[in-house]
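Below: one structure, written as structure tokens.
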Amino acid sequence: MNTHRLADAWLVLVLAMAFGASLAAVHAALKPRIDANKLNDTMSQVPMLVPGATRGERLVVADAPLYRAVDAAGMLVGWVVPASGQGFADRIEVLVGLDARAHRLTGLYVLDQKETPGLGDNVTREGWRTQFVGKPTDPPLQVRKGTAQAPHEIEAVTGATISSESVTAIVNAAVRRLREQLAAGTLR
Amino acid sequence: MDRHLPTPAERFIRGILPENPVLRQVLGICPTLAVTNTMEGAITMAGAVLFVLTCANVLVSLLRPLLKPHLRILVFTLTIATFVTIADRFLAAYMYDMSKQLGPYIPLIIVNCIIIARCEVCGSKQSVPAAFLDAVGQSLGFALALGAIATVREVLGFGTWFGRWLGIRLLPATLSDRVWAPWTVMILPPGAFLTLALLLGAVNWAGARLQKAEVSR
């Protein structure tokens, strides 16, 4: 009987709601601290992501954060765009470094990921990320299994095509966003 | 109901060595192999397991009169997943670097068999004190096994313990310039398998000797 089954499951339903509410409370309580940790991590990565940059300046453009990478004299040398998207297991958060006119990528850093250990998490390794450095931003990057044959191609991580494609799609979206904002003149 | 089951104190003692989750039950092998190349990683993992196992076991013990046989696994999984998420968020907030180093292994505690096994064996059958002491005992046993493996791997691999330089490195990288290099294989996955195998062998050997001594007495 259906009503009988529902009566059996009341404990699961009640627990799911109670646990959901308590997780929401934990998330609300810890989120400011986690965000502050990520901001610190981002700021410390700016000099590695944009050559010549000594620090980043946080802007909020169209409700999304963006970092101006400036040199010691305060001159603009590039941009760091935080971006995220669905990976194989969970959301992947990355930082994309670009030159001042968004013509070339200058760096890539993975801020947060939960990809498969030993396969997908290889996208965090420097050896894989360095192939993004110096890539032109037009046309958009494409993943290739095997050896990259064109300047806009990225070699997939062996055994982790989905993770590789996710990161590449996130990078392309970040590039598109920055180019649009530069073209619209909302950024200086 | 608790007639044939071990007392809380017995549960506590058994978890540490006689029924050690890693060395006797061979459970929780994924984190045992994955996070034992440094002591800091191993002890953080053991701490997270202590928190999750204690909370889950006690809560399951409190809920045990309400558990339906065909829904119990669902309740265990829900409970465990909740506490694992809390542990994961806590590490991301207060131990950010460690959280990045351990990556997905903290969320993977959800599928750690040690915890669901304790909920099934003890939490869902015994009182809260027994469930609590069982969880603490099993977690100490887990910490002991992880600590033992991590000590071997970190000392041999990096020449450090808890990140502190001990002044020794085991293998010379190049004899010509007398630079002492880390013993890389101990840091990499094979080092975990080798260490775990030798440790399991040693524990089994010691166990067999003890049993023999008791029989002949």
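The values are calculated or read from the model by the stated rules, or taken from the named source; none is laboratory data. None of the values given here were measured: they were computed from a predicted structure. Cβ placement follows ideal geometry from the backbone for every residue including glycine, while neighbour counts extend to all protein chains displayed. Please note that ligands, DNA and RNA were not included when accessible areas were found on the heavy atoms of the full protein model with its side chains. Shrake-Rupley method; radii C 1.70, N 1.55, O 1.52, S 1.80 Å.
The relative contact order of region A:57-188, computed from alpha carbon pairs under 8 Å that lie at least 6 residues apart in sequence, is 19 percent.
Summing charges over all other residues whose Cβ lies under 12 Å from the Cβ of B:Cys119, with Lys and Arg as +1 and Asp and Glu as -1, gives +2. Relative contact order for region A:1-94: 14 percent, from Cα pairs under 8 Å spaced at least 6 residues apart, divided by residue count. Under the rule a/c < 1.5 gives rounded, and otherwise a/b versus b/c splits prolate from oblate, where does region B:8-216 land using the Cα gyration tensor? Verdict is oblate for region B:8-216.
If a/c stays under 1.5 just call it rounded; otherwise compare a/b with b/c (prolate if a/b is bigger, oblate if not). Do that for the protein assembly as shown, with a ≥ b ≥ c from the square roots of the Cα gyration tensor eigenvalues. Oblate, since a/c reaches 1.5 and b/c is not below a/b. For peptide B:104-112, the mean count of partner chain Cβ atoms within 10 Å of a residue's Cβ comes to 2. Summed over both chains, the accessible area lost when B and A associate is about 2200 Å², using a 1.4 Å probe. Evaluating 6.51 cos²θ - 1.76 cosθ + 1.60 at θ = phi - 60° for every residue in region A:143-149, the Karplus couplings come out as 8, 10, 7, x, 8, 5, 10 Hz, glycine and proline recorded as x. Helical content alone sets the calculated 222 nm signal of chain B at -21000 deg cm²/dmol, taking -39,500 (n - 2.57) per DSSP H segment of four or more residues and averaging over every residue. Build a GNM of chain A with springs between Cα atoms under 10 Å apart, and of A:Asp35, A:Asp99, A:Asp90 the one that fluctuates most is A:Asp35.
Candidates B:Ala208, B:Leu156, B:Thr77 compared by Cα position along the dipole of chain B: farthest toward the positive end lies B:Ala208, with charges placed on Cβ. Take each residue in B:62-68, count the other chain C-beta atoms within 10 Å of its C-beta, and the mean is 2. Per-residue packing, averaged as other Cβ atoms within 10 Å, sorts the ranges B:65-73, B:84-92, B:4-12, B:136-144 into the order B:136-144, B:84-92, B:4-12, B:65-73, beginning with the highest.
Ligands, DNA and RNA are left out, and with a 1.4 angstrom probe the accessible area of chain A is 53 Å² per residue.
Quick check for me: using +1 on Lys/Arg Cβ and -1 on Asp/Glu Cβ, what's the dipole size of region B:1-92 about its Cα centre, in debye to the nearest 20?
340
For A:Leu108, the residues 5 or more places off, or on other chains, whose built amide H falls under 5 Å of its own are A:Gly97.
For region B:81-91, 3J(HN,Hα) computed residue by residue from phi via the Karplus equation (6.51, -1.76, 1.60; θ = phi - 60°) reads 4, 4, 5, 5, 5, 4, 4, 5, 5, 4, 5 Hz, glycine and proline entered as x.
Shown for region A:14-43: residues covered by the partner protein chains by 40 Å² or more of accessible area relative to the chain by itself (probe radius 1.4 Å), namely A:Leu15, A:Phe19, A:Leu23, A:Val26, A:Leu30, A:Arg33, A:Ile34, A:Asn37. Each Lys and Arg adds +1 at its Cβ and each Asp and Glu adds -1 at its Cβ; summed about the Cα centre, the protein assembly as shown shows a dipole of about 440 debye. Share of carbon and sulfur in the accessible area of region B:36-113 stands at 71%, probe radius 1.4 Å. Rounded, prolate or oblate: which fits region A:36-184, taking a ≥ b ≥ c as square roots of the Cα gyration tensor eigenvalues, rounded meaning a/c under 1.5, else prolate when a/b beats b/c? In terms of gyration-tensor shape, prolate. Applying the Karplus relation 6.51 cos²θ - 1.76 cosθ + 1.60 with θ = phi - 60° to region A:157-169 yields 3J(HN,Hα) values of 6, 4, x, 9, 4, 5, 4, 4, 5, 4, 4, 5, 5 Hz, where x marks Gly and Pro. Selection among A:Thr161, A:Ile34, A:Ala83 by position relative to the dipole of chain A gives A:Ala83 as farthest towards the positive end (Cβ unit charges, Cα centre).
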